[in-house]
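Below is one structure, written out as structure tokens, with a few remarks after it.
The values are calculated or read from the model by the stated rules, or taken from the named source; none is laboratory data. What you are looking at is a predicted structure, and each value in this text was computed from that prediction instead of being measured. Please note: Cβ atoms are built from the backbone with ideal geometry, for glycine as well, and neighbour counts cover all protein chains shown. With ligands, DNA and RNA removed, areas are computed over all heavy atoms of the protein, side chains included. Shrake-Rupley method; radii C 1.70, N 1.55, O 1.52, S 1.80 Å.
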Amino acid sequence: MIVDLFTTILRIGRGMNQQPPKSTFSTCPHDCPSSCSLEVHFYPHGDVRRLNGAKDNDYTAGVVCAKVARYPERLYHPERLLKPMRRVGRKGEGRFEEVSWETALDLIAEKFLEVEAEFGAQSIWPYHYAGTMGLVQRDSIHRLRHAKGYSRQFDSFCTNMAWTGYVAATGSLTGPDPREMARSDQIVIWGTNPVATQVNVMTHVIAARKKRGARVIVVDVYETETMKQADIGLILKPGTDAALACAIMHVLFRDGHADRDYLNAYTDCPQELETHLETRTPEWAAAITGLEVRQIEEVANHIGETKKTFFRLGYGFTRSRNGAVGMHAAASIASVTGCWKYEGGGAFHNNGGLFRFNKEMIEATSLKDASTRTLDQSLIGRILTGDEEALLNGPPVKALFIQNTNPMSVAPEQELVREGFSRDDLFTVVHEQFLTETAQMADIVLPATQFLEHDDIYKGGGHQYLSLGPKAVEPPEGPRENIFVINEIAKRVDSKSHPGFDMSARDQIDWMLQNSGFGTLVELEAEKWRDLQPDFETSHYLNGFGHADGKFHFRPDWGRAEAPNKPEGDAVFGPCDTMPDLPDQWDSIEQADEIHPFRLATSPARSFLNSSFNETETSLKKEGRPEVWIRPDEAARFGIEDGAKVRMGNERGAVTLHARHVPSVAPGTVISEGIWPNASFEDGKGINTLTGADPVAPYGGAAFHDTAVWIRAE
Ligand SMILES: Nc1nc2c(c(=O)[nH]1)N[C@H]1C(S)=C(S)[C@@H](COP(=O)(O)OP(=O)(O)OC[C@H]3O[C@@H](n4cnc5c(=O)[nH]c(N)nc54)[C@H](O)[C@@H]3O)O[C@H]1N2
Ligand SMILES: Nc1nc2c(c(=O)[nH]1)N[C@H]1C(S)=C(S)[C@@H](COP(=O)(O)OP(=O)(O)OC[C@H]3O[C@@H](n4cnc5c(=O)[nH]c(N)nc54)[C@H](O)[C@@H]3O)O[C@H]1N2
Ligand code: SF4
Ligand SMILES: [Mo]
């Protein structure tokens, strides 16, 4: 009796302690270089109230973008998927009926086994991308793929040209500590729009301006929100960045700003570069870029005179058919001035190379069969419509299992993508948080948890932190995490066994950390995040660059260059043999012509993240409607009034949207911000109707900002 009473008191006491906490920490899972460390605040009843940037993380520094600060809008969205569903209407009609998880998983397994028996395992294509950047929930799909010998995926949407170009130069996907921007005298923000795409860059840039009066230079194809905050904005024609870089280097050599000691010690062929650049004058570059000679001279002079110049090189300017060459040329400027030597100097793109993990349990790498074909994710339209070359002469794709991506919206060559997804003989499973345009094409739709409802671990791209995102709240009844679905399918399809299929997300994280020399989960949990920035000399390549000869390469061996995204085997993409030997303008872009007088860049919208957040009302309201921005003088020549409805098209298709007159766009260029839902365009065809999927040199990638178009008033 007394014992009973005692335990009751204990239980009550414990119950009180178990009150939901007021706040906890997490990491933003979205596909964004900032990978912000978050504080998550709760209501007393346990629901998430708001998110803000962690103040005690010195990269995030208390700041997150507005769309993530409003996260409860996405977490508690009334249209969130809550139940597994099976299609009852025609393909794409959007009519589904609810089924139990058990039924849904059994149906999937039955169909996958049937397809495998008839067409082979490679006719099933697990298709994913970076809707969550968590290593466990994003990459576990490979475990199923490798255990079954399903087709592999070549990731080409995003990073290929940028990483290849940077690593061709430096030999390593690392660089100066991005926090050093705050201690810089001049920051060149090149081909990225951080106000929209990675807001934390601006925190450090603004600190440098306030504390040191640093100058901010922005290079883009129109006046972005970032450029509006700059001291100097250079608006050039898309795909001409290498010409600008060459002319800047020409001036640096000409005017005595080249650091000859640095060049001789740290670079492969400075003399050849100088000779080669003799004809790459500002006049030459002005004709290509649309800039004025005076602008190029001015910026070159600032770069020459300011030793502590930090080049923050983005992805945007590499989404062109010559993107790797552009990135390599821009990074080369830092090696001509030798600004790598200084704190607050050098050229930074991404820190992905700092994170070296053993992912055996997540990915079952040991089960990978090198002979299994690797299908290019950007070519999904061609693949689903039976293009032999895109299928690598293998069997047709008869079943898709999709997590973390929305190809019916984000993939290029949408006409083919739509045709492919509409096939009656294609069995499509989509595991999603919302009924996206891809989920609408599915045979089976499965509801997914959101990041606050599952455990995961994240690595920085735009910074150097390894961060944890522990589960913070219970999901509603229904949605399940990615690894649940993967492990349950594996059980049902006669998969090879692997211990990874029996591990929780926390077990996975702990195993990966321990087997990669990063301690344990419990240790990381106590720290929340860990700073992996190497020492100053290493970060600034003062002990040598990443290539075998320790030099910065002005002369990359395109086609043989080492790159993080280099495909296995000898595959080369695009006309590799005509790539320039030294930094130079390379005319491989989709040129404007009489029929297609404009070049289109599909720059990011601030309130969307790719196609994510285009389901939230606040973001939709802030962005307005799909538009194309055109210079008033050029619009006038084509009789296009401000606000007019227009058709924009090329050989790949046409879209209907509204024109807006914007004077600060590069000549001959038009801008359409954001990946809007297809349904927000008048005839249901979205912006990627116009973009091409042709793999670009040297190692693939989609040239989303490199599209020639015609425009006519409706
Ligand atoms: N709000 C928001 N944030 C995002 C995203 C989003 O869609 N919206 N997407 C996320 C993803 S997946 C990624 S990979 C990153 C990408 O982030 P960024 O590195 O910023 O790259 P992009 O967003 O492709 O484009 C950046 C800028 O490049 C410009 N640009 C286009 N062509 C050229 C060119 O030829 N030369 C130059 N100099 N500039 C050019 C565009 O106009 C745009 O302003 O952002 C992430 N963050
Ligand atoms: N026109 C044009 N097109 C582009 C670009 C461009 O600049 N212009 N940018 C390209 C680039 S850089 C990229 S990276 C791609 C990105 O394209 P996507 O990879 O498709 O990126 P998101 O739109 O963020 O879509 C991710 C989806 O994953 C879902 N998701 C998020 N978390 C989870 C989860 O835990 N589990 C499951 N099952 N699902 C989840 C989200 O709800 C969302 O629908 O788009 C490319 N497309
Ligand atoms: S800036 Fe990027 S990483 Fe940070 S909260 Fe926004 S989407 Fe997430
Ligand atoms: Mo991306």
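With the charge dipole of segment 96-220 set up from +1 on Lys and Arg Cβ and -1 on Asp and Glu Cβ about the Cα centre, the Cα lying farthest toward the positive end among the listed residues THR197, LEU113, ALA214 is that of ALA214.
Summarising the label geometry, the points placed 7 Å from Cα in the beta-carbon direction at ASP683 and GLU527 lie 5.6 nm from one another. Heavy-atom accessible area, probed at 1.4 angstrom with all protein chains present, ranks GLU615, GLU298 as GLU298, GLU615, highest first.
Taking the alpha-carbon centroid of each part, what is the distance from segment 494-509 to segment 44-79 in angstrom? So the two Cα centres are separated by 31 Å. The aspartates and glutamates within cross-link reach of LYS228, meaning a Cα-to-Cα straight distance under 12 Å and a gap of 8 or more places when in the same chain, are ASP220. Isolated cysteines in the chain, defined as those with no second cysteine Cβ under 4.7 Å, comprise CYS32, CYS65, CYS158, CYS246, CYS269, CYS339, CYS576. Note on the chain: with neighbouring protein chains present and a 1.4 Å probe, carbon and sulfur make up 50 percent of its accessible heavy-atom surface. For segment 549-576, the residues whose amide N sits under 15 Å from a probe point set 7 Å from the Cα of LEU392 along the beta carbon direction are 566-573.
Cross-link partners for LYS368 among the aspartates and glutamates, with Cα-Cα distance under 14 Å and sequence neighbours closer than 8 places in the same chain left out: ASP139, GLU360, GLU568. For the chain, the longest principal axis of the C-alpha atoms and the axis of helix 2-17 are separated by about 30°.
Put a dot 7 Å past the Cα of ASP593, heading toward its Cβ, do the same for GLU343, and the two dots end up 5.5 nm apart. Once the Cβ-Cβ distance between ARG50 and SER516 is put in as r, and R0 is 30 Å, what FRET efficiency do you end up with, to the nearest 0.05? Given R0 = 30 Å and the Cβ-Cβ separation, E is 0.35. Estimated from helical segments only, the mean residue ellipticity of the chain at 222 nm is -8500 deg cm²/dmol, where each DSSP H run of four or more residues counts as -39500 (n - 2.57).
Looking at the square roots a ≥ b ≥ c of the eigenvalues of the Cα gyration tensor of segment 68-155, which shape do they give, rounded for a/c under 1.5, prolate if a/b is larger than b/c, or oblate? The shape class here is oblate.
For HIS661, HIS142, the ranking by accessible surface with the largest value first comes to HIS661, HIS142, using a 1.4 Å probe. What is the helix-to-structure angle for 293-305, meaning the angle in degrees between its Cα long axis and the longest Cα principal axis of the chain, kept from 0 to 90 and rounded to the nearest 10? Long axis of 293-305 versus the principal axis of the chain: about 80 degrees.
Quick one: of LYS491/LYS528; LYS622/LYS645; LYS237/LYS459; LYS237/LYS308; LYS237/LYS622, which pairs are farther than 24 Å apart, Cα to Cα? Going by Cα-Cα distance, LYS491/LYS528; LYS237/LYS459; LYS237/LYS308; LYS237/LYS622 fall outside the 24 Å limit. Looking at the chain, the DSSP beta bridges with both ends there are about 50 percent antiparallel. Over the chain, accessible surface divided per residue gives 37 Å², non-protein components excluded, 1.4 Å probe.
Taking all protein chains together and rolling a 1.4 Å probe, LEU392 ends up with roughly 90 Å² accessible. The overall shape of segment 160-349 is rounded: from the C-alpha gyration tensor, with semi-axes ordered a ≥ b ≥ c, the ratio a/c is less than 1.5.
Determine the distance separating the Cα centre of segment 106-120 from the Cα centre of segment 178-240; give it in Å without decimals. Measuring centre to centre over Cα atoms gives 51 Å. Computed about the Cα centre, the dipole magnitude for the chain is approximately 1660 debye when only Lys and Arg (+1) and Asp and Glu (-1) carry charge, each at its Cβ. Once segment 426-562 is represented by equal point scatterers at the alpha-carbon sites, with solvent omitted, what log10 I(q)/I(0) does the Debye formula produce at q = 0.12, 0.16, 0.18, 0.19 Å⁻¹? Cα-only, vacuum Debye calculation for segment 426-562: -0.77, -1.00, -1.08, -1.13. Segment 437-454 and segment 607-648 have their alpha-carbon centroids 28 Å apart.
The ellipsoid that matches the Cα gyration tensor of the chain has semi-axes, each √(5λ) in whole angstrom, of 41, 31, 26, with the longest given first.
Taking the Cα centre of segment 254-323 as origin and assigning +1 to Lys and Arg Cβ atoms and -1 to Asp and Glu Cβ atoms, the resulting dipole is close to 440 debye.
Summing +1 for each Lys or Arg and -1 for each Asp or Glu, what net charge is found among the other residues whose Cβ lies under 10 Å from the Cβ of ALA245?
Summing Lys and Arg as +1 and Asp and Glu as -1 gives -1.
By definition, a body whose alpha carbon gyration tensor gives a ≥ b ≥ c is oblate when a/c is 1.5 or more and a/b is not larger than b/c, and segment 495-622 fits this oblate description. Compute the acute angle (0 to 90°) between the alpha-carbon long axis of helix 241-254 and the principal axis of greatest extent of the alpha-carbon atoms of the chain; round to the nearest 10°. Helix 241-254 and the main axis of the chain meet at about 40 degrees.
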